[in-house]
Amino acid sequence: MIIQENEAYTKDYLDPNKRSIANAVQVFYTDGTATENVASEYPLGHRFRREEAIPKIRKKYKDNLSTKFTKKQVEKIEAVSYDYQKLSAMDVNKFVDLFLT
């Protein structure tokens with residue numbers, strides 16, 4: 001594996017107005033063929049793409065909760081998790097109890 005710095009990526013990362021977290025990847029095979037060079041200047045999760053990321057994060061959260069909890073429990077956990085006022089007013093023990101019952 002060979003890793004190379006792209007100096008433009010480093011410059012944009014250090015620029016406080018951009019704070020880009022760009023990366024690129026390309027795979028070269030021993031038979032001489034290669035994949036396309038795939039680059040992303042602002043990957044999902046970057047502050048410039050936050051609104052785009054939120055639905056995907058919520059889906060991931062629900063999908064992971066669903067591997068361990070019933071649909072009813074997942075709904076209860078989500079109802080509190082996405083309501084800042086409810087969550088901040090809730091005693092931590094009561095929040096943890098949502099994951100135990």
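Contact annotation: residue pairs with Cβ atoms under 9 Å, 6 or more positions apart or on different chains, pairing a residue in region 71-94 that is in the same structural domain as K60 (by TED's automatic domain parsing) with a partner that is of a type in the set (G, A, S) and loosely packed, with under 15 Cβ neighbours inside 10 Å, are V74/S66; K86/A79.
It is to be established whether one or more residues within region 43-52 are touching a helix residue (DSSP H, G or I) at 6+ places or on another chain (Cβ under 9 Å) and modelled with pLDDT of 95 or more. The answer is no, given that none of the residues of region 43-52 is touching a helix residue (DSSP H, G or I) at 6+ places or on another chain (Cβ under 9 Å) and modelled with pLDDT of 95 or more.
Considering each residue of region 36-46 in turn, at least one proves to be of a type in the set (A, V, I, L, M), surrounded by 12 or more Cβ atoms within 10 Å (Cβ to Cβ) and at negative phi. For region 49-101, the tally of residues that are closer than 30 Å to I21 by Cα and of a type in the set (A, V, I, L, M) stands at 4.
The values are calculated or read from the model by the stated rules, or taken from the named source; none is laboratory data. Small disclaimer: the values here were computed from a predicted structure and weren't measured. So basically every Cβ, Gly included, is an ideal-geometry build from the backbone, and we count neighbours across all protein chains shown.
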